[in-house]
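Colleague: Structure incoming, see below.
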Amino acid sequence: MPVPVPRQRAIPAVECGQAPAAPTVGGPSRAEAPLHRDAARKEETVRNDATAENTGAHTGAHTTTLTLLLIEDDPAAAPIVPDLLDSDGKPIRVRTARNLTEAGRLLTDDVHCILLDLALPAPGRASGDDELAVLRHVLELAPRHAVLALTASGDAERGTEAVRVGAQDYLFRDELDGRLLSRAIRYAVERKRSDTAERRLAEGKLRAQENARLERGLLPTPLLEGSPLRFAARYRPGRSRALLGGDFYDTVRTPDGTVHAMIGDVCGHGPDEAALGVELRIAWRALTLAGLCGDELLGTLQQVLEHERDDDEIFATLCTVDIAPDGRRAGLCLAGHPAPLIARPDRPARLLPYDNNGPALGLLPGARWPRMQVELGAEWSLMLYTDGLIEGRVGEGRERLGQDGMVEMIRRQLSEGLRGEELLRAAVNEVRELNGGELTDDVAVVLLDRVA
């Protein structure tokens, strides 16, 4: 999300090294008395650096001049530091504010550090309510800035408490000099940068763990109790560091002994597509256990997709197989999806027929999806897959592996004795190697085996 850009406005001689404003009756005001003066300089405007956090302005990177905001209401007690330099010898600019209201106006994105007098009263609080009320208010006002607490000489206890509350360090008013303050500013900015980086790293790890737990819980657990069929699956989302993509699969056994398997692919690769894939998978399982199959099931899933998608252009391909209790035949429905591969001991692996392939879900209202009867035989392996397995490149050219290339690869791997999980692992790894690196599309593969 873009950072709001503050309006540029002139700062009336409150920065170190700027010319004072025109004198007023009674002499210059507090805001007109910077810590260092340079009458030759012209008044300059606050730099409009909305992306400072990303470019290092808030992290202590010395590509720009450091700016200090001093919040102090007693001109006579303000520290006088004629030479305030950063580690590169550049002058540190100083702005002064007499109260928190004025500080809020001067707290623009190019301020790196705040030097706060803890004796200032906090808005809306009676004196003595909370010794650090003003610090808490500033920390709420400027959560991304480094803060130095300024306290009376010898009041180390209050200074230590200020650090515990959130300040980067504390300083004694009577012991300040230019060298000490310059070093303290640099240290505070770097410490704030380090604290912020550590906090973001911890938050990122926590979010990643939460997302992983959520996505892992959404992956399917096959319901095949009582079936002689062996099940294996391989899943690789295309999104970096994700566990769940737009591809989805499931397998269940209904009380009559029929084993139902499906695999699908929602167009796109983002979290919205992954969520829609989960919804379709859960809907498929519920409808299958309720007794629906074939065209009736796919028609109902299309209604679910149409109600749940965010865009009318979103569609999903699907392949469903229902295997008879004896395991020798199956019904096949294809909704814009690649045909499964079948391998038997007495003949080479091949694709199942796909002449009656219906449209993808979500493309045509009122579409129909014919159910084809397929003879499997006594012993077989049936592999369902998404197009991520066949659309990877082969070498450095534009050639894709394709279905023919996948069939040849599986034939070879079967001849090498690979079965079950080993076969799927080898297939996905080889497709990745042929592509020359990670696949950009989601990949899901399901393998069902029947051994006579």
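The values are calculated or read from the model by the stated rules, or taken from the named source; none is laboratory data. Small disclaimer: the values here were computed from a predicted structure and weren't measured. Every residue, glycine as well, gets a Cβ built from its backbone with ideal geometry; the counts of neighbours run over all protein chains shown.
Colleague: Is there a residue in region 378-394 that is in a strand (DSSP E or B) and exposed (fewer than 15 other Cβ atoms within 10 Å of the Cβ)?
Modeller: No, region 378-394 has no match at all.
Colleague: Also: Quick check: is even one residue across region 168-191 in contact with a Lys or Arg (Cβ under 7 Å, 6 or more places away or on another chain), modelled with pLDDT of 90 or more and crowded, with 16+ Cβ neighbours inside 10 Å?
Modeller: Within region 168-191, one or more residues are in contact with a Lys or Arg (Cβ under 7 Å, 6 or more places away or on another chain), modelled with pLDDT of 90 or more and crowded, with 16+ Cβ neighbours inside 10 Å.
Colleague: Return the residue satisfying two criteria in turn: it lies in region 310-334 and is of a type in the set (A, V, I, L, M, F, W, C) and part of a loop (DSSP other than H, G, I, E, B), and of such residues it is surrounded by the fewest Cβ atoms within 10 Å (Cβ to Cβ).
Modeller: Going through the qualifying residues, I end up with 324.
Colleague: Given the options 194, 153, name the one that is more than 20 Å from residue 65 (Cβ to Cβ), assigned to a loop (DSSP other than H, G, I, E, B) and not acidic (Asp, Glu).
Modeller: Sole residue among the options that is more than 20 Å from residue 65 (Cβ to Cβ), assigned to a loop (DSSP other than H, G, I, E, B) and not acidic (Asp, Glu): 153.
Colleague: Return the only residue of 337, 269, 307 being within 33 Å of the chain's Cα centre (by Cα), surrounded by fewer than 19 Cβ atoms within 10 Å (Cβ to Cβ), assigned by TED's automatic domain parsing to the domain that holds residue 362 and not polar (S, T, N, Q).
Modeller: 307
Yes/no matrix, rows are residues, columns are (1) assigned to a helix (DSSP H, G or I); (2) in contact with a Leu (Cβ under 9 Å, 6 or more places away or on another chain); (3) polar (S, T, N, Q); (4) at pLDDT 95 or above:
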{"position": "403", "(1), (2), (3), (4)": "yes, yes, yes, yes"}
{"position": "406", "(1), (2), (3), (4)": "yes, yes, no, yes"}
{"position": "411", "(1), (2), (3), (4)": "yes, no, no, yes"}
{"position": "417", "(1), (2), (3), (4)": "no, no, no, yes"}
{"position": "423", "(1), (2), (3), (4)": "yes, yes, no, yes"}
{"position": "432", "(1), (2), (3), (4)": "yes, yes, no, no"}
{"position": "438", "(1), (2), (3), (4)": "no, no, no, no"}
{"position": "448", "(1), (2), (3), (4)": "no, yes, no, yes"}
{"position": "452", "(1), (2), (3), (4)": "no, no, no, no"}
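Colleague: Taking the options 339, 367, 360, name whichever one is touching a Ser or Thr at 6+ places or on another chain (Cβ under 9 Å) and among the aliphatic types (A, V, I, L, M).
Modeller: Every option except 360 fails the conditions.
Colleague: While we're here: What single numbered condition from (1) at pLDDT 85 or above; (2) assigned to a loop (DSSP other than H, G, I, E, B) fails to hold for residue 114?
Modeller: For residue 114, the exception is condition (2).
Colleague: Could you run through region 258-299 and say how many residues are part of a helix (DSSP H, G or I), in contact (Cβ under 8 Å) with a residue 40 or more places away in the chain, of a type in the set (A, V, I, L, M) and touching a Cys at 6+ places or on another chain (Cβ under 9 Å)?
Modeller: Going through region 258-299 one residue at a time, the tally reaches 1.
Colleague: Test residue 312 against the stated conditions and say whether it is in contact with a helix residue (DSSP H, G or I) (Cβ under 9 Å, 6 or more places away or on another chain), of a type in the set (Asp, Glu) and farther than 18 Å from residue 254 by Cβ.
Modeller: Yes, satisfied.
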